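Working notes, structure below.
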Amino acid sequence: MAGAIIENMSTRKLCIVGGVLLVFQVIAFLVGGLIAPSPTTAVPYTSVKCIDVRKNHHKSKWLMPWGPNHCKKLKDFDEAVSRQIEANDIVFAVHVPLPTKEMSPWFQFMLFIMQLDIAFKMDNDLKENAEITLDVSLAYRDDTSSDWEEIAHAIEIRKLKCTFGSPKTLESEGRHYDCDFLPFMEIGSVAHKYYLINIRLPVNDRKGINVGIGEIKDIRLVGIHQNGGFTKVWFAMKTFLTPSILIIMVWYWRRITLMTRAPVLLEKVIFALGISMTFINIPVEWFSIGFDWTWMLLFGDIRQGIFYAMLLSFWIIFCGEHMMDQNERNRLSGYWKQVGPIAVGSFCLFVFDMCERGVQLKNPFYSIWTTEVGTELAMAFIIVAGICLCLYFLFLCFMVFQVFRNISGKQSSLPAMSKARRLHYEGLIFRFKFLMLITLACAAMTVIFFIVSQVTEGHWKWGDITIQVNSAFFTGIYGMWNLYVFALMFLYAPSHKNYGGDQSNGDLGVNSGEELQLTTTITHVDGPTEVYKLARKEAQE
């Protein structure tokens, strides 16, 4: 009777915790959907054609498209021809942001893509596989009276991928090609108020530079940055979740160290997963408001990579530790075949990210996709990572199948087992099914919300209420995986409660062989987990 009362209390406690976690999950989605604005904003910019007739263009002063010290402008290239102004003397200038506005560190990053307006002309046609050479410079200042300070200067080459929907005849002259957007620039911080971009298209007939690229009419840029309001909500969530996960981690590890045995592999992996989640949560982004940390995007990618690698490893080890009669349990070396693809795939993605965003720390105009060698290298890393991911999921599916096959076999023989062995297997079966259900729900929610955020317009409107779907996706999924890690550490923390003589080997009828098997899993006789205690109720009945 006492055991039944205790198990009812444990069940009630688990239900309460589950309800609280569900409430926090709903709040995480609502915070992004109702409080935060959309995650990013796209701003179109049209370059201004400036005249620079001095020599040594790359050493000349910066050309402003508007303002008190604006440059001498050209309306179009027909005017340049009439005034005998050469292409090398034309600079395309773009000021970021638009007039009367300022940039802010809360914007976190700037990503620019380029679109070229190229007109068809019989005597200046666009060649197949044409490449355009850009002489680009970026500068900043923090007030309208200061001089511009250079951030970066580079000469970049971009491949033109354009189509022409009409016959190339004399009647089609003046019509524009349909060209793909080109990657232009990415900066991992927005530490200054004003930015200036100067773009030159140097022409050299002898070297074939910018020859056969058609008649360029205009250069347009689209700047994308994170919304300041979303950044504040995101920082607030990270600041709140960091101590929450830290507290449960300390509590979890303290419960383990109080045991009379050493921690088992599954306990160590769960703790490592909590560390990787904390690594993501720590709001170091607050420092980016006061410091020009351009490496924050790369740092964020590394943090996410560590967490996902740890999460995938946990799923493999979780399944392996529930292979009830497997002899290779509780040793990390026994999982090298399954964890190996995770390590290789993570390394490939890390190298790819270093080749892209790592180089952009010095040259924000760089893109690995702009050259054939870079494209082949990037595709090689991505393909290898994809193959490793496929191998991982094959291993995972095979292990899940084996566990369920073992479960079905053990369930048929449970009534014939001794009480201790039956309790042991009841706990393993319950925990595995319970966590598999939660894992599938989290994965399904992630996929569903990602698809919804891609196919919708970014927000839903019901009467006077507007829900930002993309923001809800980011905050909701981020909160969900935090709650997932929180629930893992709560459910798999050993219990130190004494349930009377029921815990003794004599009362349970455990022989030496059965006791050895109990000590190889997390359900140790010194302290069953919360889920294991919950499973004992059905066994007692």
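The values are calculated or read from the model by the stated rules, or taken from the named source; none is laboratory data. Worth saying up front: this structure is predicted, and the values here are computed from it rather than measured. All Cβ positions, even for glycine, are placed from backbone atoms using ideal geometry, and neighbour counts span all protein chains on display. Accessible surface is based on the protein model in full, side chains and every heavy atom, while ligands, DNA and RNA are left aside. Shrake-Rupley method; radii C 1.70, N 1.55, O 1.52, S 1.80 Å.
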### Task
May I ask you to verify whether E372 is of a type outside the set (K, R), at pLDDT below 85 and under 30 Å from S189 (Cα atoms)?
yes
### Task
Restricting attention to region 259-294, report how many residues are in a helix (DSSP H, G or I) and over 26 Å from I477 (Cα atoms).
1
### Task
With respect to V269, determine if the residue is open to solvent by less than 40 Å² (accessible area, probe 1.4 Å), of a type in the set (A, V, I, L, M), over 24 Å from E186 (Cβ atoms) and out of contact with any strand residue (DSSP E or B) (no Cβ under 6 Å at 6 or more places or on another chain).
yes
### Summary
Given (1) modelled with pLDDT under 60; (2) under 23 Å from L22 (Cα atoms); (3) of a type outside the set (D, E), G500 misses just (2)
### Task
Just give me the residues in region 155-194 being touching a strand residue (DSSP E or B) at 6+ places or on another chain (Cβ under 8 Å), within 20 Å of N124 (Cα to Cα), open to solvent by 90 Å² or more (accessible area, probe 1.4 Å) and touching a residue at least 24 places away in the same chain (Cβ under 8 Å), in sequence order.
R175, H176
### Message
For a quick check of your reading of the model, give me the residue pairs whose first member lies in region 379-407 and is polar (S, T, N, Q), whose second is not in a helix (DSSP H, G or I), with beta-carbon atoms closer than 6 Å and at least 6 apart or on different chains.
### Response
N406/M324
### Query
Taking S413 and the conditions (1) at pLDDT 85 or above; (2) assigned to a helix (DSSP H, G or I), which numbered condition does it fall short on, given that it satisfies the others?
(1)
### Task
Report the residue count in region 132-154 for those that are surrounded by 17 or more Cβ atoms within 10 Å (Cβ to Cβ) and farther than 18 Å from V190 by Cα.
5
### Message
Within region 296-329, take every residue that is outside any helix (DSSP H, G or I) and open to solvent by 60 Å² or more (accessible area, probe 1.4 Å) and give me the one that is modelled with the lowest pLDDT.
### Response
D325
### Query
Quick one: in region 75-94, which of the residues that are open to solvent by less than 10 Å² (accessible area, probe 1.4 Å) and within 43 Å of the chain's Cα centre (by Cα) is nearest to S288 (Cα to Cα)?
V94
#### Entry: Evaluation of M122 against (1) under 43 Å from the mean Cα position of the chain (by Cα); (2) more than 22 Å from M185 (Cα to Cα); (3) among the aliphatic types (A, V, I, L, M) (one fails), failing number
(1)
### Unmet requirement for L391, which otherwise passes all of (1) modelled with pLDDT under 90; (2) under 21 Å from the mean Cα position of the chain (by Cα)
(2)
